[in-house]
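To keep things clear, I will list the structure first and then write my remarks on it.
Here, each number is a calculation from the coordinates, and none is a lab measurement. Owing to the predicted nature of the structure, the values given are computational and were not obtained by experimental measurement. Here the Cβ positions follow ideal geometry from the backbone for every residue, glycine too, while neighbour counts run over all protein chains shown.
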Amino acid sequence: MVQTDKLTEIEIIRRIVSGGEKSLYEIIVRRFNPYLYKTGRSYNYDHESTLDLMQETFVDAYRHLAQFEGRSDFKTWIIRIMLNHCYHRKQAAAFKNEITTDVNDNSKPMFTSSNYDTGKTVQNKELGHIIEAALGRIPLNYRLVFSLREINGFSVAETAGLMNISEDNVKVRLNRAKAFLRTEIEKTYTATELFEFNLIYCDAMVENVMKKINEY
């Protein structure tokens with residue numbers, strides 16, 4: 001018998017929608033908590049507001065699971081829902097495409113280091129505040145591209161689809177975001193250190209979301 005934590009999102013959704021196994025949605029929540037958290041923080045929401053947006057996103061996604069057809073990756077689908085919630089809460093203006101010829105995407109990933117020391121990094125709490133503050137000063141359209149590409153690991157094509165911009169514009173915005181941050185944080189830290197969703201919050205999010213969906 002396949003362990004539930006080994007199930008793919010497609011299998012989980014099928015069993016929830018067709019078989020009524022609502023409890024399996026907990027796997028979805030735990031699996032995608034970190035991605036949604038990073039997305040909300042990259043939108044410049046504080047911790048509490050991000051948690052609210054995450055809960056809204058998970059509940060909204062659950063209500064529309066039957067509409068997920070698998071044409072895109074589930075991570076893309078649910079982050080798009082999160083972005084929509086972030087957007088509507090901010091009532092932000094629609095993104096505009098930049099016209100530029102600077103589309104070189106041959107640079108190395110920004111957050112790489114062969115000398116990564118987990119213990120040292122965890123102790124350096126101030127680093128997180130420095131990075132968050134630096135990202136907060138980047139215009140939203142660059143910050144979101146940076147989050148999707150460098151933190152959440154989406155491809156150029158996936159990011160373009162989520163942002164509704166061209167692939168060239170994704171490359172431009174990412175390069176500009178990197179240029180701004182590089183002088184402050186160098187190449188010492190990994191992307192996963194940004195906006196970590198601590199496990200102490202995971203159980204509470206699961207409990208809140210499952211309580212909500214059990215009302216349906």
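Could you compute the FRET efficiency for residue 71 and residue 207, with r as their C-beta to C-beta distance and R0 at 41 Å, rounded to 0.05?
Numbers: r = 32 Å, r/R0 = 0.77.
The formula returns an efficiency of 0.85 here.
Take residue 200 and residue 5, extend 7 Å from each Cα along the Cα→Cβ direction, and tell me the distance between the two endpoints in nm.
2.2
Report, in listed order, any pair from 22/212; 90/212; 90/178; 75/178 with a Cα-Cα distance greater than 20 Å.
Beyond 20 Å: 90/212; 90/178; 75/178.
Compute the FRET efficiency between residue 21 and residue 49 as 1/(1 + (r/R0)^6), taking r as their Cβ-Cβ distance and R0 = 41 Å, and round to the nearest 0.05.
0.85
What does the extension gain come out to for residue 31 and residue 134, with contour length at 0.36 nm per residue minus their alpha carbon separation?
Values: separation 103, 0.36 × 103 = 37.08 nm, distance 2.76 nm.
Extending this stretch completely gives an extra 34.3 nm.
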